[in-house]
Amino acid sequence: MQLRRCLVIGALVALVVGLGPAAWSQQVPQATCLDCHEGEGMEYAVVTSTPFIEIPAGNTTEYDVTVANPWLHDIASSLVTVNLTEAPGLSFDKPDDISRNESMEVPPGEARNVSFPVQAGATAVVATMTQTEDVSERGANDVDSRLVLPDGTVVGAGHDGIDSGDPAGLNLPEREPSKANTVERIIVRDDRLATTGGWNFTMERVGGDGTDPVEAQVDVYYNATPTQSQRITDTIGPNAADSATFDIKGSQEGEATITYTVTVTDYYEHPDGVQSQDEGNATLEGERTFTVGQTLETGDAGPAVPPEPPINWILNARIWGEATGFIGLFLIPFSLVLGGAFGRKNVLWMNKITQSARLRVLWHNALSFILLGVSIIHLILFLIEPVYSWSVGFVWGGTASLALVGLGITGAYQRRIAREIGYAKWRLLHIAMATTFVAATMAHVLIDGAHFDFLRNAIGLN
């Protein structure tokens, strides 16, 4: 009998170990933000624009695109692009081009800056550094030039094997120091131009010991284009809003349609164990149709920030699903001890505490049925809530649930089953069910548990 029991228990343990790798992938899948949080009332952002009805021809008018944050997350950054392709009577009021040229000495180990503004609507920034002729024939001193944007972005040429002390810590491309009249040119034409404000053209002497002057030339171009972009770099917190402002000019009367596109980066810090990215990008589009005429007339824009959305009960389904899992885990050892799972001494000790064998069995039965009810609620809640795929926990949670149902059946019909197959075989069957339940539950907690990442990391399951 002991040998048979050990073989059954060994087979169940082997089953758990053997099926383990197949279930290690049952983590929370990567998903878009709305896949998990739309039930809670999430929107990536609410985008509105100045509610023009009519603007005057011949004048420059400010057009605002407002990005509002309606949910629990932060909007870390926003790129706002306005398109006038469908508005033939409108154009962007562009600033004048900028052209600056400075000659300066750059002592060894030091840096010099040429500061200049970049406004909305810039189409190109060209920064050129030219070293003067080297009459010593030893080669020009190595000067590292780069553009530093207001948000800390660094654009430019690197140098060969010398640490420039770049605070952004970027791995800039290397170049070899060349002979005299070295020229470095940095050209920016992409959406980095939407980062407006004070830019710096920085030159740092990182090689050689000369102080020969360098020539710095900066050009900022504002060619007429049908689109302009601006970046909102400030974080937009929950229930807050920020705007990008564009100067538009009406040139001829008639109907005009402005389209706008906003790309936002949302940030939401997930709890430990939820394998989802904390940042998500989304693109939202809209348009505004109005008349270019003689007067300025605007409508009602409505509230800048929408009312705070209610927290949907589906969010609580996940919370209570996790809570019932912990409650069930807490009840398991008490049920095992009351059932005498740890041998004769365990039975005699619990009989003494409960004052009779009959009361011990009644307590064991009652606690086991409570555990079964909690497990069923746990299963239903996780089938309802949207964060976890239904397949998460299917292998181990499903195995534990089936074993628990088997425990309930063999416990409730103990006398009938024992009369049919004998008490010894019934007891072996009940113990096998209990062993399967406990082993599958422990695997479920370890492999699928949302709050047990530290254990998975410790044993290398993640």
Margin query: If each residue of separation counts as 0.36 nm, what is the full-extension length gain between Gln277 and Met442 once their alpha-carbon separation is subtracted?
Written below: 56.7 nm
Check: Rounded to the nearest 0.05, what FRET efficiency do Phe394 and Ala224 have when you use their Cβ-Cβ distance and R0 = 51 Å?
Finding: 0.30
Next item on the list: Treat each spin label as a single point 7 Å out from the Cα along the C-beta direction, and report the Ile319 to Thr295 distance in nm.
Entry: 5.3 nm
Check: Quick one: length gained pulling Asn346 to Thr123 fully straight, 0.36 nm per residue minus the C-alpha distance?
Finding: 72.2 nm
Checklist line | Arg415-Gln355 FRET efficiency (beta carbon distance; Förster radius 30 Å; 0.05 resolution) | finding: 0.85
Next item on the list: Output the peptides 331-338, 249-256, 104-111 sorted from most to least packed, where packing is the average of other Cβ atoms within 10 Å over each peptide's residues.
Entry: 331-338, 249-256, 104-111
Checklist line | R0 of 51 Å, Cβ-Cβ distance Asn239-Ala458: FRET efficiency to nearest 0.05 | finding: 0.80
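Values in this text are rule-based calculations from the coordinates and carry no lab data. On a predicted model such as this, the values are computed, not experimentally measured, just so you know. Using ideal geometry, Cβ is built from the backbone for each residue, glycine included, and neighbour counts are taken over all protein chains shown.
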